[in-house]
Structure formats: structure tokens, C-alpha cells
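Visitor: First the structure, then my questions, so here it is.
The values are calculated or read from the model by the stated rules, or taken from the named source; none is laboratory data. What you see is a predicted model; the values in this text were computed from it and never measured. Ideal geometry is used to build each Cβ from the backbone, glycine not excepted, and the neighbour counts take in all protein chains shown. SASA here: full protein model, heavy atoms, side chains in, ligands and nucleic acids out. Shrake-Rupley method; radii C 1.70, N 1.55, O 1.52, S 1.80 Å.
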Amino acid sequence: MAEPAGGGACSLPREIREQLAELELELSEGDITQKGYEKKRAKLLAPYIPQTHGVDPALQKEPRNQTPAPAATSAPSSSKYHRARSGGARDERYRSDIHTEAVQAALAKHKEQKMALPMPTKRRSTFVQSPADACTPPDTSSASEDEGSLRRQAALSAALHQSLQNAESWINRSIQGSSTSSSASSTLSHGEGKGTSGTLADVFANTRIENFSVPPDVTATTSSSSSSARPATIDIPPSGIVKGTHKGSNRSSLMDTADGVPVNSRVSTKIQQLLNTLKRPKRPPLKEFFVDDFEEIVEVPQPDPNQPKPEGRQMTPVKGEPLGVVCNWPPALEAALQRWGTTQAKCPCLTALDVTGKPVYTLTYGKLWSRSLKLAYTLLNKLGTKNEPVLKPGDRVALVYPNNDPVMFMVAFYGCLLAEVIPVPIEDAGGQQIGFLLGSCGITLALTTEVCLKGLPKTQNGEIVQFKGWPRLKWVVTDSKYLSKSPKDWQPNISTAGTEPAYIEYKTSKEGSVMGVTVSRIAMLSHCQALSQACNYSEGETIVNVLDFKKDAGLWHGMLTNVMNKLHTLSVPYSVMKTCPLSWVQRVHTHKAKVALVKCRDLHWAMMAHRDQRDVSLSSLRMLIVTDGANPWSVSSCDAFLSLFQSHGLKPEAICPCATSPEAMTVAIRRPGVPGAPLPGRAILSMSGLSYGVIRVNTEDKNSALTVQDVGHVMPGGMMCIVKPDGSPQLCKTDEIGEICVSSRTGGMMYYGLTGVTKNTFEVIPVNSAGSPVGDVPFVRSGLLGFVGPGSLVFVVGKIDGLLTVSGRRHNADDIVATGLAVESIKTVYRGRIAVFSVSVFYDERIVVVAEQRPDASEEDSFQWMSRVLQAIDSIHQVGVYCLALVPANSLPKTPLGGIHISQTKQHFLEGSLHPCNILMCPHTCVTNLPKPRQKQPGVGPASVMVGNLVAGKRIAQAAGRDLGQIEDNDLVRKHQFLTEVLQWRAQATPDHTLFLLLNAKGTPVCTATCLQLHKRAERIASVLYDKGHLNAGDNVVLLYPPGIELIAAFHGCLYAGCIPVTVRPPHAQNLTATLPTVRMIVDVSKAACILTTQTLMRLLKSREAAAAVDVKTWPTIIDTDDLPRKRLPQIYKPPTPEMLAYLDFSVSTTGMLTGVKMSHSAVNALCRAIKLQCELYSSRQIAICLDPYCGLGFTLWCLCSVYSGHQSILIPPMELESNLFLWLSTVSQHKIRDTFCSYSVMELCTKGLGNQVEVLKARGINLSCVRTCVVVAEERPRISLTQSFSKLFKDIGLSSRAVSTTFGSRVNVAICLQGTSGPDPTTVYVDLKSLRHDRVRLVERGAPQSLLLSESGKILPGVKVIIVNPETKGPVGDSHLGEIWVTSPHTASGYYTIYDNESLQADHFNTRLSFGDAAQTLWARTGYLGFVRRTELTAASGDRHDALYVVGALDETLELRGLRYHPIDIETSVSRTHRSIAECAVFTWTNLLVVVVELCGCEQEALDLVPLVTNVVLEEHYLIVGVVVVVDPGVIPINSRGEKQRMHLRDSFLADQLDPIYVAYNM
């Protein structure tokens, strides 16, 4: 913390300083909120701050955040310790001045260039910990609003000027205008949000992007869906692109990058920055020739030919000095306790301290003996009955004691040993993994203290809660008053130590599972003997123990060896260290202690506080045992501590680092040195060599050196060897790093209950290079990596658990943490809390760095720190970081003593529950093993493909429906060529036959139409068109009606008058700005002479709200058809030929193209006939339709089919379902409908809304067993997951599993496939996704990796033929290929209706020929969809084998990436599965970058969790690197009326900066 305003803290009284320190602590522990902290702090400091007149103290406080770190060093001494322990202190375990210099030097190389990494964009609310100045309202009394914002701007520009200096290697020259873009982005990401007027972002957002290859914009209106709830039925062409642009021209060229059209928007400038960063060459340069191999081959990183290899001879095991035999060593540890307890009862054994660090209780040897005896007796005799004791010797017992109660623990531990039961000390209750340990050890009994028991959570009836994953436990309180005194004649059984288990020490593995290391009685005894000899303990010495006394060195020295040697241990609990960090030094001074057991953090804390105590002396210490001396960074802590405390009498030779592990116990310890002897040397190793597992003295670059100190010699009586960490335990060479293995009687004997893992760890026989065993002595793997140096000194360079193996090179997590801390972390990282681990993504390990962010860190500081850390790690360790995340302070899972729980952190990261507040992903830099991009083989013409297919025996992929000519259909309808004639004939023949029935939300018919009524109504409308509209035959008329019978009548009225109807979806009254421009566009493009509509809609079209969206003065004539005069029509128009135009069908495609197609009278007739034949429709039939009636097959079914076939259509407007979800299904059930048609949106509504209400449906009597076909009308790949879940859900109310099917149509032909009543059921196949990307179809088994389930899109209609064609060469392809579906049929549309008569496009899409082959004479229409044909085993109606057509996706939508073809839906399916909070997802590409947009339905804190998950899944399943991840609110992804995502529209909104995203992450 920087000092309060006013003359620094030296002027503050001591008690105020102490209270401030307390506050700091409360904040850091999370006991108080940031706000509470600031309030209390301000209150304490108020009397000492000189008030500047009229300035808000909040503003005065503000400069604190910007205090440069260096200034802190000159701060007055007294508060130094408070500051250093505040949020800014970095974790001194890793403190190294050498390393900090190295990092600074590495970063200095990069100072030449400005940083051009695009900073993520985030919405203010997401980032909970806002920087002080974003929260501080400018104080009106002293400064105007403007100055406040100017100050902020100035701060920003200053921040940008000293912006990130960056590596040449990282980024080619910063782009022109990068500074502008980042200032715009930072303004936006800094508090103002959208309100910042005049920022560049706004200028950009309003700039239109024009593309000059497109025909001029017809509409000149931009539309953006502003309402947050997704309006279910909006078709929005993004910028009025009318079909008439060449289909082949890829629309992604619409926004060209660097060299093309400049794209003005904040987003695109950032993307440009991103692209510039990506031009940086990757480490292994990718080879530039590509093979079109069938299987994509993942690049295997080739070993670097120049990498260092070990050259030494094979090492020989190193022996420690022999374990001396001392005459009075006891036969067992319990015997030592008996001896001292009976002969030296008054001698102190253990002193406990209270929270302030004062001694509170001393346990003597006599007390320890008598109380342990009482406990042993109680355990064996008083818990059960005589015949059924609860405990037998050899049973395991859990010891649950708090860290501040060593006395109770010691009694319990020795009580168990005397009772011959096996103590298992564990951390405080609650962890699930601890439960696993208890279960595997078969523990049913837990010992604890009364206080601790009271603190455990209870159920209502007072029983202790059963913790998750824990076995049922009986709790026993061991306080003295509850123990029975043993009878005089009772004596414990103390036998000579053997190999039976003494106690179990738990350890947490890298994956987070907890295992118990079993220590035998003989090992426990031998280990005490070895430690006594190595440390030269003598009776009566005092030792100070700051470590956890329940395990590791704290237990071995402070609880076991001390009893062996009658030592006196002073136990300093961790909680005391937090409030009084100097307490252990004071204990050493007061008690003239000879030995102290500490970790580097205790050295560091003592250094921070030492100025408060000038007069302490450490001259009594002969050993300062640094138990994490195995940590490579301990060397600098030891040096710093020595330099500070040497003047207090600390002897240099007293510092004794040691190396320990739960399995091997003490591996090595430096013996106390002789005064005056030279101190042992240091090893300065090359980091690069270490990553290859080789010891090389660092010569080249001092930035990448690691300095390590020795941890002394092998333990007395022990033997050590170094073996390769993975594979068989082959002995290493002398200059090779490996895992340290120890052989002696003093190690653990097994992992309790886990025999398999035990063998590989505790019974290792080393082998030589030939693989034959060396000796027969078993060794124990210690889990430490290191080597034996000159003079048999042991050096440790890391732990197996912290090992990150990336592309075959080994890195140490601790080293990377240290590098992160050396990058000026003081402003950003909270208390130096950084976790590093690796996750496996795409066939390699990837490094993830997670740090806690200080509450007061600003966005810019954090981003700058993150970028610099990436550079530093890259430069020093030569490894890329995959993901760097900052999380709020105190939010990472903690270990019991407050460290970061790495495995839980990793688990949170992988399941998306880490909730970062900042994140940077760098997949582009570190994923270097992607398969080679594919290049299309040049020179293979279509003819040779054809010949190849024939030679391979593959048939040409084509299929056809039944032949229309052969179907006898004696219906009278055949003799009529025009639909108008059919209607007139029906009005005469069956005037009262009801054709249409319209239902409202309650399910009651609101309107019906018989043949005669419809005919009469159509006549009236035709006469109005003549009279009011003065229209001539051939004029276009727009019909603007809600779904209903009025629309049908108006349509037929137009035909009667000879006008050309154009049905258009009416605008949405609540959302005119988004929906009206589309109406206007269709009116303009179709050159409509008149609009027919209802009175309500007419008023809406002319309203003031409408005027805000479009020009309402220039509408054509608007006629409302609500009150029509009864007037006979003189005559009904009859077209001269059937080829004449009947109607126009306008629709917005998923790519945002507005297209109108022309349907002739003959096409209408053929279409209705094909549907009638396929579905067996005739006048006695009823069908139910729940679809939008404005275009495509939906329109045909709603308006035309009933008139043609005479069946009755029950019409259900889809919007009615929003108020009554049951409407559609209850109608079908009530009317016993056999055939029903719906859209995906309706099906989804029912699946989501009624999925959990099947019982309600049953209760209402809804039964779907009558349904023979339920057809989803669509123009896309069948959504098989939706149709399957719909079938499964409603199976219980009688829906047949065979009923649901889908149709397929496109713009050129609205109905190509439709399941119909006869013919085989729809088939499904699993295809290989990887092959599909190569345009090949390979069938695989269900459950195969990377398989995709596809369903046939219904049966091909009568008279329709399809063929699969290569879209580039226009040659037909074989069965096993994916190609474009071409179609020929009598009901194909006759062309596009456009303002520009683009003949070439017409010819290409409607009348095109194959480049060769038998079918080359036929005229085909191109559907624009990719698919394939597969011959099945089923029999078609014609008796031949049935050919199934599978639709894979729209050609316009496909993404060409890395030479392969991807379908957006496949990537979206993967992404949607990754996290429960992803509601919807859409992907598109821009400038070869893949952009993924996800809708977040959870809380905004989860937004950043999605970024790594999305990146991982797309990489794993699709071999693609995501460029940008955009997290938005639900409902932002536009969806059209057919339920299809409009990805291009989304893309345009994104680039125009109109999405208001929660977060945008630019992956680097």
C-alpha cells in the first residue's frame, strides 16, 4: 500500500499502525469487504490526513492506485512490513533478485516497439472489481463533470503512451491507427460503457461498410434488432442484399482486410491488430507443402536436432554415512516415551502458543505419558462392550485437530501408538478427497477436541453432518475429563519396532486425489534415528517448529524425533504467524533455541517485520532447517534472510536446507557446518538445458539461468539414485536430471489400500541402459527431480507434481510462477498468488497460468501485466502460455494452510467455474501441432473424376422420385391447368365443403371457409383491385396479412384479377425499426403497384412510429380488405399459357440474402399435384398446419394445397402457441389428425415448454397415437437431436417413433423432399466429420470418435430428380462424395425476380448443365445445398432399392478454413455442449479468423469461463483455432421465422459494433 496522504506512516502512532495492519489482514483473509475496509481505514486515518479544501476524500484517495512500485522502497521503515504483507506483496517463496533482473532484461529487449495486442472488450458490469476511478463520481463542488472525464482521458492516453513494449518476435510493426483503436477500446472498457459520446467507437459504429461488388443497396436502411427478447419471427436481410449478386462470389470478401476496403469499426480495428500479431512466425515453422491425405495427420513435434543430450556415464547409487549405533537408543519410539515419561516426568516436551504468540501451556513428558496411557486404555476398553470392542489393534483412526492445538494432537497420536491402533492425521473436516482417503483406509472413528467438535456443522437433531464423500464416522472427544484412568495393573503392549504400520500420512496427488502413505514402526524409529544423527540432536535441546505438526518435517522433528531425544518443542501455529510474523524469531531469542524448523515464507515474513525488533539474537541457532529448500527459489530467500540477520548473530553455516517427500520422508539434509568452513557452492543451470532434462552450466544468456543450492547429503544409512521420470526406472547419466529415488529403512512402505500404484513407487528396482536390473535393493520414488552433484551433494530442481511436459520439453510450474512474479506483479497480483498447471488439449499439454488480481488493479495495468508475463515466459522458458487468467482476490480454492489448491483450481478451470475477471488465450502461439492445411489437387478435371468413379465401381450419385407420367390419377382436377379453375370447379361441385378452419389460442375455430365462401371472397377482392387499384393483369400486389384465411382469399383474389400476389410477413408492432425495413424492401424490389392489407395494419403502415423507420409517404396504393362491397366480378382472368407467372415467393435466406423467385401456373399445378400424390391427400382428409404462411413450402401448404386437393386444412398460427403451448398437440389429438406440418421453432417450443409436462398432457386426454406423419418444414440439415427428443418426449402420449420426418426445399425449388405416407421410413447414418471436411462421405459406426449423425430429409417428391455435383467443376460425383444438390422437376421456380435482370445468374442457378456425362442435356437448377445420396437396403414404392438424400448444409454458409470445408452447425453443436450456461451459439469467419458468438444464460461472472472452454472444444473436435470469442446476452443471435440462425447478419452487426457484447476475447 502506498502511504496515506500526509507525511507517510512514520507520523502515525504505533497502535494506529497495528490497527491498519489488522485491517489489511482482515481484507486479505476475506473477513471484510473492500468497501468496509476502505470505510474503516478512512476512519482510522481521518485525524491524520490534512483535508484539502473542498475535495472529496474519495478523489484524494485515488492517486494511491497509481503509486509507482519503485517509490515504495524509500518508504519509511515502520510501515514496511504492513505494506509488504498487503495485497501487493509477492509470494517470497519465489523471490529472487537474480530472476527479477533476468525478467526485466528479457522485457527490456522488447521496449523498442509499442504493443499491438488487442485488449479484450468487456461490459462494465462484468468486471466486478472496478478501478477506483471508474467508481468515483467527479466531485461537483470542486470540478466540473468535464474535467473528470478529461482527467480520465488523459490518464488513458498516458497509459497508452507507456503502453506495452513488445517483442519484435511477437508482432510485426504495429498497425497504422492501432493507437486510435486501442484508445477507443479502452475508453469503452473503462467505465463509460455506451455513454461516451464522441469516442472513436461511436464514429466507427455509425460508419456503413460498403461493398462495391454488390449491386447498389436497395434499401439504404440498417436494421438492428434492438429488443433484447428475441422476436421469434424476424427476417432481416442485413443491409438489403438482394439476390442478384453472384452466388459464387464468397460473401466473406464483403469485409476486406488490410489490403482491401478499410473497415471502420472498433471491432475490426482490433481484429486487424490481432491479425498483425498472428503474422508472427510460430516456433516450429510449418512446412509449406500440403498433402491431401485421407486422414488428417496431427503434426508430431520433431525433436530439435540441436537439443542438448546427456553425455555423462551412467550414475552409480550414492550411499549416505552408516547409521551409528547409539547404546541407549530405544527398541521402539513408544519405549522412549515410557522412559522419559517415567524418569524425567518434569521435563518440558511441548509448548503451545496462543494467538498473540505468548506461551500458553507446556506439556511435560510425565503428562504426555499419563494422558496418552489414559487415552490408549479408553480407546481399547471403554468405547464398546467387553465382547464387542469398537477398536481392535491395527484399526485406523482419524485425528481431526486444529492447527493451533499441538498438545491435544500429540496426546492423541501417542495414545493411538500405545493402543496399537493406526493414527491418520487429517486436515480440518470437510474435503471430499479426504473422504476418499478415510474410505480407503476403512476408518469409522475420529478423535477430536471438544472445541473442534462444537465447531462442526450439525443436523437438526444435533448429529454431526455427514460430509460429502465421507464414510459414517463415530466422533470421540479426547479432552482429559472424558478419559478413564487406567487400572494399576493395565500396561500397554510395547513391542520392538517391526514392519507393522505405525501411522498413515496423507498426501494429495497432482490430480487432487488424496492417498495415505503408510509408515511402519521400524521406519518411524529408523527415521528418528537418522534425523537425530544428521542433525546431531542432544537431550534437552529446544527447537522451534513453525510447520504443520500433523505431517512432513513438522511431525517428524517436532512430534517424533523430539520424544526420541527428550527435546523441548515450541510449536508456533500458522495463525500466529499471520498476526505476528516475527514470533518464531522471538521464540528462538527468548528460549535460546538450538534448532528452528521453517519454510521460506517464514523467513520472508520475519524479514518484512524485523525492523520492529532491533534487539533479537539468533546466535543460539546451530541449525535453521529450511524444509522447502528443495524449491529452486529457496536460495534467494536464504541469502536475503542471512544478509539481514547475520548482524543478529545468525551463523551462515546454520542454514540447512533439506528435501522431503511423503513417500521417501527426509531425502537429504544439509548438516550443520563447521564455523569458518567455506559454504557449499551453487549450481547455475541453463533453463533450456533443464527443459531437455540435461544439466548444463548456464553460459549464454543470464536471463534464462536457474540458481540452485544443494540440500546436503544423503541421509545416514540411506542410498540414493536418479532414474528417468517416465517409463522404466532406468538410471540417469551423471549430467541428466531425473527423479530422486531413496533406499533405506526410513521411507514409507506403501499407499494404504492401493497395491497397483504402490508397486511403481515403493518397490522400484533401477535398471541400466540395457534394461537389466542393477542390484536387488528396492528404492522408493521421492517425487522430486534433481541430480547428485560434485562431492555427492544433492540438488533438487523441481517436483514431479509440478512438471509440465510440453512438446517433449519439461518445465517446472514453480519456475513459471517465479517468472510471473518477477514481472512487476506488485500492482496486479494479489499477495503473489499465482497457480500454474497444464491441461491436455489437442494431443499435448498446454500451460495455464491463473493469478489472483488485486481489488484495486486497473484494467490497463492488468492487461499490461498479462501481456508482459506472456513475453517473459516466452523469452525465458521458450514455451508458449495457452491461457493466462486473472481471478478476483481470495477466490482460488485454498489448501488448509492458505496456499493455492492447484488440482481444484485446474478442475474449476476445466469445468468453467473459475470465474476469471480477465483472460488472455494464446492458442495461435502455442498450438504448433495442427495438421497441415489441405491444398486442392490441381489438374484433376471432372471427366477424370468420373472415370475414376467408374473404375472404382462407384455409381454416380443421383436419385429420383416416382415418375409422374406413370401415376394414374383419374381425379377430375387433372383436366384443370390453373388453380383458379380448380377453385371455381370446387365452388360449383362441392360448395359447402369446408376447406379451411382457423383456430385461436383457445383452440376454438374463429373463421372457416367453404369452397363457395372462398370463391366469393376472392371475387370481391378481385373487383376491388379493378375498381380501387385500377390494376392491370400482370401487376404485382403485396399481401400484408397475419396468418389466416384472409391471406388465402386475398391470394386467390389476385389470381382471379390476373395480378401477381407477393405474400409478405406483416411488421411487428412492438419492433417496427427491425421489421418494417424488410417489408419496405420487398415492396420496392417487387415494384408492387398496390398493397392489400387489414385496417389495423394499414394504420400501422402510416403511423408516426413507422415514419421513423421508413419513408411512409411513398407507399404504393394501400387497400384494406376488411369491408368489401358485394360486387360481381365481370369475368375471371385466365392466363394465356401455363408458363405465365402465378406468384412471387420472397424470402430471406440464412446468409441474409433477400430473394424473390417466380412461380409459374404450371409449376404451381405440378407442385400441388406432387404433394397430393406423396401425402395421399383427398377431400375426406384433414391435416393440421402450424407454420408461417409467407414463403416456401409453408406458404404452399397453407394457401394452395387444400384448394387443389380438396382436403380440409386446420390452420394454427404459430404465434398463438406463445400464449397456449398445448394448442397444436391438443388440436391434433382432438381432431384425430393423421398428418400434421410444423416448423422447427414450433417443435422446439413444445419440446422445451412441454417436456416436463407429459403428465399434464395425459391428464388433459391428449393422445397422439392417431398421427401417421408429423412433418417439419425446413430448408436446412435435419435437426436430428431436436426431432429425436420430440419423439422420445411424446412417446408416452402415443406418438409413434416413426412419425416425425423433415422436408427439404430451397429457393430454386421449394419442395424437393417430403416424407409422405407410403415408402420406407427415414433412414439415419453416422458419417465421419473429418472426411466430410474433405468433401468425402465415409460411413462409420455409432459412437465412433468424430462421428456425425445425419437423417434423410424425407422422400424425393414424384417428378423430381436430384444429382450430386462438384460445385467447382460442375461434374457429377460418385456415391462417396459430398457435393451440391442439383434438381430438375416440373415445379422448379422459373427464375429470380430482381430489379437487375442478371441473366448469367439466372442461367447458372436455374438452367445450368453438367460439364459432361449422360445427364448433360438436362437443364438443372442448383439448390445451393451440399449433400450426398446413399443407396439403402430398403425398397422404394417403384420396387427398386431406395436412394436416400442427405442434406449436410448450405454452400453459402460453409467456412473454408485451412483448405477444408466446415459447416457452422457442427462447430456450434460442439460449443453448445461445453457449458451449461451457453444458451445458443453461432460462428462465422472474418479474414480467415473463426469468430464464435455465444449467448450466456447464466450470470455475467461466467462470461470469461466460456472463453477457454470454447477454444478447447473447437481445437479438440475440429482442429481449428478460434480467433475471437464474443459473449453476448440471450436473444442477440438473430433467428428467422423458420428458426434458422442468420449468421451473416450477426457478423455484420458484430463488425459494426452493434452487439453490446458482455465480453470479447481476442485469442492470440
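Visitor: Could you sort out which of LYS759/LYS799; LYS1134/LYS1172; LYS382/LYS485; LYS458/LYS551; LYS358/LYS550 sit more than 18 Å apart by Cα distance in this structure?
Guide: Details: LYS759/LYS799 20 Å; LYS1134/LYS1172 24 Å; LYS382/LYS485 11 Å; LYS458/LYS551 28 Å; LYS358/LYS550 21 Å.
With Cα atoms farther than 18 Å apart: LYS759/LYS799; LYS1134/LYS1172; LYS458/LYS551; LYS358/LYS550.
Visitor: Less than 18 Å apart at the alpha-carbon level, and either on another chain or at least 8 residues along: which lysines does that give for LYS1102?
Guide: Output for LYS1102: LYS1113.
Visitor: Counting only protein heavy atoms, what percent of the accessible surface of the stretch 314-456 is carbon or sulfur at a 1.4 Å probe?
Guide: 57
Visitor: Can you tell me the accessible area per residue over the stretch 1223-1380, all protein chains present, probe 1.4 angstrom, in square angstrom?
Guide: Normalised by residue count, the accessible surface of the stretch 1223-1380 is 34 Å².
Visitor: Starting from the Cα-Cα distance between LYS1028 and SER495, subtract it from 0.36 nm times their residue separation and give me the gain in nm to one decimal.
Guide: 180.2 nm
Visitor: Related question: What is the sum of charges around PHE1286, taking Lys and Arg as +1, Asp and Glu as -1, for the other residues whose C-beta is under 11 Å from the C-beta of PHE1286?
Guide: Net charge in that neighbourhood comes out at +3.
Visitor: Which order do THR895, THR351 take when ranked by solvent-accessible area (1.4 Å probe, heavy atoms of all protein chains), largest first?
Guide: Highest to lowest solvent-accessible surface, that is THR895, THR351.
Visitor: If we sort 1383-1394, 1123-1134 on the protection proxy, mean other Cβ atoms within 10 Å, highest first, what's the order? Intermediate results must be reported in sequence, preceding the final value.
Guide: Values: 1383-1394: 22.2, 1123-1134: 12.0.
Descending packing order for the listed peptides: 1383-1394, 1123-1134.
Visitor: Distance cut-off 29 Å, Cα to Cα: go down the list LYS454/LYS906; LYS346/LYS578; LYS346/LYS594 and report the pairs above it.
Guide: Values: LYS454/LYS906 33 Å; LYS346/LYS578 32 Å; LYS346/LYS594 21 Å.
Correct reply: LYS454/LYS906; LYS346/LYS578.
Visitor: I've got another one for you. Using a Cα-Cα cut-off of under 25 Å, which lysines could be cross-linked to LYS932, ignoring same-chain neighbours fewer than 8 residues away?
Guide: The reachable lysines, counting only those whose Cα sits under 25 Å from LYS932, are LYS279, LYS282, LYS287, LYS1330.
Visitor: Would you mind checking which residues have amide H under 5 Å from SER619's amide H? H placed 1.01 Å from N; only 5 or more apart, or other chain.
Guide: When sequence neighbours closer than 5 places are left aside, there are no close amide H contacts.
Visitor: If the chain between SER1226 and SER1296 were fully stretched, how many nm would it gain, using 0.36 nm times the residue separation less the Cα-Cα distance?
Guide: 23.6 nm
Visitor: I'd like to compare 460-471, 1061-1072: which one has the highest average count of other Cβ atoms within 10 Å, and what's the full order after that?
Guide: 1061-1072, 460-471
Visitor: Using modelled backbone amide H atoms (1.01 Å from N, in-plane), which distant-in-sequence or interchain residues come within less than 5 Å of ASN1000's amide H?
Guide: Amide H neighbours of ASN1000: VAL1006.
Visitor: Does anything in the stretch 593-637 have its amide N under 20 Å from the 7 Å Cα→Cβ label point of SER647, and if so which residues?
Guide: Once the point is set 7 Å along Cα→Cβ of SER647, 603-621, 637 turn out to lie under 20 Å by backbone N, inside the stretch 593-637.
Visitor: Using amide H atoms built 1.01 Å from N in the peptide plane, name the residues 5+ places from LYS799, or on other chains, whose amide H lies under 5 Å from its own.
Guide: LEU785
Visitor: I would also like to ask the following. Taking the solvent-accessible surface of protein heavy atoms with a 1.4 Å probe, what is the per residue accessible area of the stretch 310-399 in Å²?
Guide: 52
Visitor: With the cut-off at 1.5 for a/c, could you classify the stretch 1078-1173 from its C-alpha gyration tensor as rounded, prolate or oblate?
Guide: Here the stretch 1078-1173 falls in the oblate category.
Visitor: Give a residue-ordered list of calculated ³J(HN,Hα) values for the stretch 923-933 (Karplus: 6.51 cos²θ - 1.76 cosθ + 1.60, θ = phi - 60°; whole Hz; x for Gly, Pro).
Guide: Karplus values, whole Hz, x for Gly and Pro: x, 4, 7, 9, 8, 10, 10, 5, x, 5, x.
Visitor: Also, I was wondering about something else. Can you work out ³J(HN,Hα) from phi for every residue in the stretch 1194-1209, in order, using Karplus 6.51 cos²θ - 1.76 cosθ + 1.60 and θ = phi - 60°, giving whole Hz and x for Gly and Pro?
Guide: Karplus values, whole Hz, x for Gly and Pro: x, 5, 4, 5, 6, 9, 10, 4, 4, 5, 6, 8, x, 6, 8, 9.
Visitor: Applying a 10 Å radius around every beta-carbon, put 920-933, 552-565, 312-325 in order of their mean neighbour count, most first.
Guide: Order by mean packing, descending: 552-565, 920-933, 312-325.
Visitor: What does the charge count around SER480 come to, taking other residues whose C-beta lies under 13 Å from its C-beta (Lys +1, Arg +1, Asp -1, Glu -1)? Numbers along the way, then the final one.
Guide: Details: positive: LYS367, ARG371, LYS374, LYS481, LYS485; negative: GLU450, ASP479.
Value of the local net charge: +3.
Visitor: Just the number please: accessible area per residue for the stretch 788-848, 1.4 Å probe, all protein chains included, in Å².
Guide: Ligands and nucleic acids excluded, the figure is 27 Å² per residue.
Visitor: Modelling each spin label as a point 7 Å along the Cα-to-Cβ direction, I'd like the VAL777/LEU1419 distance in nm, to one decimal.
Guide: In this crude label model, VAL777 to LEU1419 measures out at 9.4 nm.
Visitor: What is the extension gain from TYR574 to TYR48, computed as 0.36 nm multiplied by their sequence separation minus the C-alpha to C-alpha distance, in nm to one decimal?
Guide: 186.0 nm
Visitor: Return the sequence-ordered ³J(HN,Hα) values of the stretch 1512-1526 in whole Hz as given by the Karplus equation 6.51 cos²θ - 1.76 cosθ + 1.60 applied to θ = phi - 60°, using x for Gly and Pro.
Guide: 4, 5, 6, 5, 5, 9, 10, 6, 10, 9, 6, x, 9, 10, 10
Visitor: Of LYS1016/LYS1248; LYS367/LYS474; LYS43/LYS827, which pairs sit farther than 32 Å apart, going by alpha carbon to alpha carbon?
Guide: Where the Cα-Cα span goes over 32 Å, the pairs concerned are LYS1016/LYS1248.
Visitor: So, R0 is 35 Å and r is the distance between the beta-carbons of GLU18 and LEU456; what FRET efficiency does that work out to, to 0.05?
Guide: Efficiency at R0 = 35 Å is approximately 0.60.
Visitor: What does the convex hull of the Cα atoms of the stretch 630-675 come to per residue, in Å³, rounded to a whole number? Working shown, then result.
Guide: Working: hull volume 3.4 nm³, N = 46.
Dividing the Cα hull volume of the stretch 630-675 by its residue count gives 74 Å³.
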